[in-house]
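> This structure is in structure tokens; I'll ask about it shortly.
The values are calculated or read from the model by the stated rules, or taken from the named source; none is laboratory data. Worth saying up front: this structure is predicted, and the values here are computed from it rather than measured. Neighbour counts run over all protein chains shown; Cβ positions are idealised from the backbone, glycine included.
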Amino acid sequence: MKKFNCNWKIVLFLLLLAAATPLFAGGDLGTLGLSGLEGFATNLQGIFTGKIVTAILVMCLCGCAIAYAYNKDNEAMKKKVIAITIAIAIISAAAAIVGAVFSAAK
């Protein structure tokens with residue numbers, strides 16, 4: 001007879017997930033005591049899409065452009081500057097990307 005190897009942590013997680021599924025079936029976070037999370041998420045989104053963060057990201061992008069212009073021969077620096085530039089672009093467009101994804105899902 002073969003011995004069946006199973007990770008008990010995965011099984012326990014799946015059982016807990018199956019047991020908790022009916023809690024989220026209603027879709028109303030207020031019944032779970034999580035109604036304050038929506039306001040917190042809205043405040044957090046307001047922080048990342050506000051004028052101050054936008055100004056900081058624009059200044060960082062300008063700094064990346066200057067660093068790229070002065071270090072064109074330095075390949076290691078060029079890779080780092082391009083990575084930072086892509087990260088800044090993703091951060092600044094994150095709210096629009098998420099909005100587009102969820103509006104397409106409706």
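> So, PHE40, is that one of a type in the set (Phe, Trp, Tyr), assigned to a helix (DSSP H, G or I) and either at pLDDT below 80 or in contact with a Cys (Cβ under 8 Å, 6 or more places away or on another chain) (or both) or not?
yes
> With respect to THR54, is the statement that it is surrounded by fewer than 11 Cβ atoms within 10 Å (Cβ to Cβ), at pLDDT below 85 and assigned to a helix (DSSP H, G or I) true? Working first, answer last.
Numbers: surrounded by fewer than 11 Cβ atoms within 10 Å (Cβ to Cβ): no; at pLDDT below 85: yes; assigned to a helix (DSSP H, G or I): yes.
No, not satisfied.
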